[in-house]
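Engineer: Sharing a structure with you now.
Every number here is computed from the coordinates shown, using simple stated rules; none is lab data. Quick caveat, the model's predicted, so the values are computed rather than measured. FYI the Cβ positions are ideal-geometry reconstructions off the backbone, even for glycines, and counts take in every protein chain you see.
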Amino acid sequence: MTLYVYNLTKQQKVYTIPVACEDSLHDGDYGRICYHEGKIIVGKGNGVLCFDAFEDKGAQWKYFLGKDGNDFAMQVFGYDNLALGFTVDRLFAFDINTGVKLYDVPAAGSNTANLIGGIIYQREHSDLQMRDPRTGKELKRVATPPSAQAFSSSRPNGKDGKIFIHSYTDAYCIKAWGK
């Protein structure tokens, strides 16, 4: 995969750089990216890498985890100077400036996560789980109603203090954390 950084204001390429995995067999796999605080966070295979968004400085830091993300690309987010990511069964956070790993906790639902109002919302098995992005700790779990289909693998969305998620047969509006 090649990261291509383009300045929309100047309408010109800033730089391109190859993004490699620890395991070269997965170098052709795509990666997910996120911009936050002047940094570009890339989740690719079993690695998370951080690049400057404005200058070609190479990877400012990189960390390789034990397991690949879903489809060999992990979900990545930026929040409050944190680089957050999910693999198949882990949630982790790094200081976005130093690359220091802050936590690594068990978590499922990497493709179903979303960061809304400073809270991570994700589907964990059949439940909707709310997590603190600064610590990775579970704040609340909302179970699928009895005899209902499990929350689907769709990503929760939110607006005006409400979280919207659906199962395969029903739609739900759930009060957001702290609202």
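Engineer: Which residues among region 113-128 fall inside the zone where the amide N is under 16 Å from a point 7 Å beyond the Cα of ALA148, along Cα→Cβ?
Structural biologist: Taking a point 7 Å out along Cα→Cβ of ALA148, the residues of region 113-128 whose backbone N falls under 16 Å are 122-128.
Engineer: Follow-up question, since we're still on this one. Hey, what's the per residue convex hull volume over the C-alpha atoms of the chain, in cubic angstrom?
Structural biologist: Working: hull volume 23.0 nm³, N = 179.
Value for the chain: 128 Å³ per residue.
Engineer: In percent, what relative contact order does the chain have, based on Cα pairs under 8 Å that are 6 or more apart in sequence?
Structural biologist: Reported as a whole number, the value is 11 percent.
Engineer: Hey, which lysines would be in cross-link range of LYS140, C-alpha to C-alpha under 18 Å, not counting anything within fewer than 8 residues on its own chain?
Structural biologist: In chain and number order, the partners are LYS162, LYS175, LYS179.
Engineer: For a quick protection proxy, order the peptides 137-149, 118-130, 91-103, 164-176 by their average other-Cβ count within 10 Å, most packed first.
Structural biologist: Working: 137-149: 12.1, 118-130: 19.5, 91-103: 17.2, 164-176: 14.0.
Ranked by mean Cβ neighbours within 10 Å, highest first: 118-130, 91-103, 164-176, 137-149.
Engineer: Which of the lysines could be linked to LYS101 by a straight reach, that is with a Cα gap under 18 Å, when you skip same-chain ones fewer than 8 residues away?
Structural biologist: The reachable lysines, counting only those whose Cα sits under 18 Å from LYS101, are LYS39, LYS44, LYS62, LYS67, LYS137.
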